[in-house]
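Report on one structure; see the data block that follows.
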Amino acid sequence: MTVVIARSNSPESEVALEAGLVEAKRRGEDAVIFQLDGEPSEQESTERDGVNVTYRFPQPRGRDATGDLLDVAEEVNASLIVVGIKHRSPVGKLFLGSSAQQVLLEANAPVLAVKAHES
């Protein structure tokens, strides 16, 4: 089984990456880092903090990176999906969609949601 880690260019994402790698190491599992934004790099797999890591990216023609993340989680039979979250006001929750919320509601694997430390 595999731990899937959602990653973007945000502080919350860095905390999710750290927590996901710790969890994968604790479970003795590989990790898939799914880069929600940005271009695919040439790096496909490596070892990071003692965990075998594979990098995956949204489909180039896809419209929904979060849906692609959920598809990858199904494909690799994820034992856990790790996402970073940030505090949003009730109005923000009403008007602004959240990738983390979509993952929480639609994932077939358990989801670990982690918050960045407040400064």
*Which of the residues that make up the range 1-30 are at pLDDT below 95 and among the hydroxyl-bearing types (Ser, Thr, Tyr)?*
Ser8, Ser10, Ser13
*Only one of (1) out of contact with any Asp or Glu (no Cβ under 8 Å at 6 or more places or on another chain); (2) of a type outside the set (Phe, Trp, Tyr); (3) modelled with pLDDT under 85 is not met by Asp68, so which one is it?*
(3)
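It is to be established whether one or more residues within the range 31-44 are at pLDDT 85 or above and either surrounded by fewer than 17 Cβ atoms within 10 Å (Cβ to Cβ) or assigned to a helix (DSSP H, G or I) (or both).
no
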*Could you pull out the residue among Gln102, Gln59 that is part of a loop (DSSP other than H, G, I, E, B) and either at pLDDT 90 or above or not small (Gly, Ala, Ser) (or both)?*
Gln59
*Search the range 71-92 for residues being surrounded by 12 or more Cβ atoms within 10 Å (Cβ to Cβ) and at pLDDT below 85, and hand back the single one that is nearest to Thr2 (Cα to Cα).*
Lys86
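If you go through the range 3-30 one residue at a time, how many are among the β-branched types (Val, Ile, Thr) and surrounded by fewer than 23 Cβ atoms within 10 Å (Cβ to Cβ)?
Of the range 3-30, the ones among the β-branched types (Val, Ile, Thr) are 3-5, 15, 22.
Filter again for surrounded by fewer than 23 Cβ atoms within 10 Å (Cβ to Cβ), leaving 15, 22.
Selection size over the range 3-30: 2.
The values are calculated or read from the model by the stated rules, or taken from the named source; none is laboratory data. Owing to the predicted nature of the structure, the values given are computational and were not obtained by experimental measurement. As a convention, Cβ positions derive from the backbone with ideal geometry for all residues, glycine included, and neighbour counts pool all protein chains shown.
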